[in-house]
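Read through the structure below, which is laid out as structure tokens, and then see the notes.
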Amino acid sequence: MKGWPERGCVGCAMMTDQVAHPVHLNRRDTTLAFVSRAPQDDIVRYRAAMGWDDIPWYTLTDDFDADFGVDEWHGTNVFLREGGEIFRTYLIDGRGDEALGNTFAYLEITALGRQEDFEDSPAGYPQDPTYPQWWRHHDLYGS
């Protein structure tokens, strides 16, 4: 992974930055957790540096991600536990999980949108390559 162990995946970081406080989910008997192949010591350090103390992160040590179709990129899986059984009830990956983050929702309602090259923008307004070239870790944008 580019930049690891100092930096994690910029897409995963952007999605994590947009998570509301997990207590709201917990009140509905729902738990949010992130899974990475990074060693737990690196995850603990990186979570602290990025301010993600409220979100649990786990280290993956088997082929779970490949088994569920998210080994080359990222994905969002949803599971339901019923007694001793666990069922996958939802999967979205690639561009599909943008709806889960509020940055895109806010940009979509502005006059300039995402300012990506798939959109029609007024002449003279910047348009970056589509997803995820313009993203940065939140502490790397500058002032």
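Numbers for the structure displayed
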read-out	value
Efficiency of FRET between Ala33 and Asp117 - r from beta-carbon atoms, R0 35 angstrom, step 0.05	0.55
Farthest positive-ward along the chain dipole, Cα basis, beta-carbon charges - from Gln133, Gly51, Pro122	Gly51
The chain: calculated mean residue ellipticity at 222 nm from DSSP helix runs of at least 4, using -39500 (n - 2.57)	-6000 deg cm²/dmol
Cα centroid separation, the stretch 88-124 to the stretch 3-66 (Å)	22
With Cα atoms, 0 to 90° folded angle of helix 40-50 axis to the chain main axis	40
GNM top mover of Glu116, Glu82, Glu108 - the chain, alpha-carbon springs below 10 Å	Glu82
Choice from Pro56, Pro126, Pro22 with maximal GNM fluctuation in the chain (Cα, 10 Å cutoff)	Pro126
Carbon + sulfur, % of accessible area of the chain - ligands and nucleic acids excluded, 1.4 Å	53
(i) 43, 31, 23; (ii) 107, 56, 20; (iii) 58, 32, 30, with the label sought being that of the calculated Cα extents along the principal axes in Å	(iii)
Relative contact order of the chain, defined on C-alpha pairs under 8 angstrom at six or more residues apart (%)	20
Residue with peak Gaussian network fluctuation, the chain [Cα springs, cutoff 10 Å], from Gly113, Gly83, Gly94	Gly83
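The values are calculated or read from the model by the stated rules, or taken from the named source; none is laboratory data. Model, not experiment: these values are computed from the prediction. All Cβ positions, glycine included, derive from the backbone under ideal geometry; neighbour counts span all protein chains shown. The accessibility values were calculated without ligands, DNA or RNA, using every heavy atom of the protein model including side chains. Shrake-Rupley method; radii C 1.70, N 1.55, O 1.52, S 1.80 Å.
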